[in-house]
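One structure below.
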Amino acid sequence: MRDNQSPPDKRPVPTMRDIAAVAAVSQSTVSRVLSGVATTVPIAPQTRQRVLETAQALGYRPNPLARGLRGASTNLIGAVVRDFSDPFFAGAIEALVAESMARGYNVVLSHAPGRKEDVVSLTAALETRHTDAVVLLGDMQEHPQLLADLRHSMVPVVALWPGTSPREFPTVDADDRAGIWAGLGHLESLGHRRIAFVSGELPGGYRVRENAYLDFMRDRFGAVPPGYLEHCPNTLAGGDAALRRLMEIPQPPTAVVTSTDLVAVGVLHAAHSLGATVPEKLSVVGFDDILIAAHTVPALTTLRMPISEIVGHAVAHAVALARDSVGAARQPTLEVFEPSLIVRDSTAPPPR
């Protein structure tokens with residue numbers, strides 16, 4: 001026996017009464033704020049924010065199952081993610097959790113694997129958890145049962161980066177075309193004319209970034225040089241193999257733009273192996289600005305996806321819809337945010 005062992009710390013579970021006392025408001029006000037339901041008595045934004053911050057500081061956690069059974073708000077947002085293994089979605093999930101918690105919500109994560117043989121329904125995705133809203137991350141058209149369930153659900157849905165999926169819900173996306181043109185314009189300003197594009201395969205045959213490249217090259221230089229458009233899996237190995245093919249062309253490119261940073265890192269690896277020093281002999285531009293992009297050697301010039309802005313807007317919209325008992329604002333809409341060019345060390349003027 002270890003008689004000298006201290007008993008476990010059993011702190012009392014904070015209640016709405018505790019929050020009301022600290023925030024200097026009534027318990028009914030706390031209840032109305034945390035429930036998220038529409039009320040006839042308006043609550044000042046400053047008061048609402050004070051209650052939410054106090055609840056978070058005290059570590060208050062509602063019982064979502066009990067609240068869901070009563071038909072009240074659960075303060076849960078369901079997130080269905082296309083691919084947990086994609087570094088891009090890892091950053092998006094982190095932003096989603098942060099934005100949701102800042103508004104007094106927790107996130108229930110679910111995975112929609114990118115295989116057509118996997119039948120995913122809403123019940124299977126979120127099990128029996130009651131959520132106030134659902135956020136879709138990525139192209140979900142390979143899961144028709146899930147989309148059908150969401151169409152007939154009373155729970156509001158907001159879609160992010162839907163790819164080629166039909167616009168059935170309020171949607172937030174990025175202007176990929178503007179991003180690609182910004183990256184190509186940067187290379188053109190450095191003096192590059194022989195610019196290739198490595199297009200990673202994305203769900204639903206998404207080709208917006210590739211088509212933007214084709215349009216830019218035709219607009220500025222009249223045509224795409226033969227062999228300068230490469231398709232590959234959206235993987236490190238895919239990017240590596242694609243650059244090796246490009247460098248076998250009689251007149252290889254002096255610059256390469258990729259559809260994703262994941263492919264770009266593979267391109268950098270192949271360039272190093274082939275002795276095509278970046279950026280002295282070959283410039284490389286990625287797309288997304290995933291976490292590793294700033295730490296490659298050399299650091300990758302890329303188009304930064306405005307993840308925080310996109311996710312923040314989506315969460316705010318989802319919460320607003322969840323609190324709208326009428327549901328009149330749930331018609332399909334589209335908000336678009338423009339990526340920004342981040343110039344690092346992987347681009348320079350072409351060799352002479």
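The values are calculated or read from the model by the stated rules, or taken from the named source; none is laboratory data. Small disclaimer: the values here were computed from a predicted structure and weren't measured. Backbone-built Cβ (ideal geometry, glycine too); neighbour counts: all protein chains shown. Areas reflect the complete protein model, heavy atoms only, side chains present, ligands, DNA and RNA absent. Shrake-Rupley method; radii C 1.70, N 1.55, O 1.52, S 1.80 Å.
Axis angle, to the nearest 10 degrees, between helix 307-322 and the longest C-alpha principal axis of the chain: 30 degrees.
In whole percent, and with a 1.4 Å probe on the protein chains, what portion of the accessible area of the chain is carbon and sulfur? It would help to have the intermediate numbers written out before the result.
Details: 9330 of 17070 Å².
Carbon and sulfur: 55 percent of the exposed surface of the chain.
Taking amide H positions as modeled 1.01 Å from N, with prolines and chain starts lacking one, no residue 5 or more places away or on another chain lies under 5 Å from Met247. Across segment 174-186, rounded Karplus estimates of 3J(HN,Hα) from the backbone phi angles (6.51 cos²θ - 1.76 cosθ + 1.60, θ = phi - 60°) give 10, 7, 5, 4, 4, x, 4, 5, 5, x, 5, x, 4 Hz, Gly and Pro being marked x.
So, counting K/R as plus one and D/E as minus one, what does the shell of residues with Cβ under 11 Å around Ile19 add up to? All intermediate terms of the calculation are to be shown ahead of the outcome.
Values: positive: Arg17, Arg50; negative: Asp18, Glu53.
My count for the surroundings of Ile19 gives 0.
Take the Cα coordinates of the chain, assign each an equal point scatterer, and use the Debye formula without solvent to give log10 I(q)/I(0) at q = 0.13 Å⁻¹. For the chain, the Cα-only Debye profile gives -0.97. Would you mind getting me the FRET efficiency between Asp345 and Arg323? Use the beta-carbon distance for r and R0 = 45 Å, nearest 0.05. So, using R0 = 45 Å, E works out to roughly 0.45.
What's the local net charge at Pro253, with K and R +1, D and E -1, over the other residues with C-beta under 12 Å away? If you can, show how the numbers build up before the last one.
Working: positive: Arg193, Arg194, Arg245, Lys281; negative: Glu230, Glu248.
Spelling it out: positives minus negatives among the neighbours equals +2.
In order along segment 191-201, the phi-based Karplus estimate (6.51 cos²θ - 1.76 cosθ + 1.60, θ = phi - 60°) of 3J(HN,Hα) comes to x, 6, 10, 8, 10, 9, 9, 10, 9, x, 6 Hz; Gly and Pro are listed as x.
Loop exposure criterion: GluC sites (Glu not before Pro), DSSP state outside H, G, I, E and B, at most 12 other Cβ atoms within 10 Å. Applied to the chain, the longest stretch between such sites is 128-247. If you add up the charges near Pro162, with Lys and Arg at +1 and Asp and Glu at -1, over every other residue whose beta carbon is less than 13 angstrom from its beta carbon, what do you get? Around Pro162, the surrounding residues sum to -4.
Sparsely packed loop sites in segment 165-266 (the trypsin sites (Lys or Arg not before Pro) outside DSSP H, G, I, E and B with at most 12 other Cβ atoms within 10 Å) comprise Arg167.
With a cut-off of 15 Å on the backbone N, the residues of segment 270-303 near the modelled label site 7 Å out from Ile249 along Cα-Cβ are 282-285. Using R0 = 35 Å, the C-beta based FRET efficiency linking Ile292 and Glu168 works out to 0.55. Suppose R0 equals 25 Å; then what is the FRET efficiency for Thr333 and Asp219 from their Cβ-Cβ distance, rounded to the nearest 0.05? That gives a FRET efficiency of 0.25. The angle separating the long axis of helix 45-58 from the principal Cα axis of greatest extent in the chain is about 90 degrees. Angle between the Cα long axis of helix 236-246 and the longest principal axis of the chain, 0 to 90 degrees, nearest 10? Long axis of 236-246 versus the principal axis of the chain: about 20 degrees.
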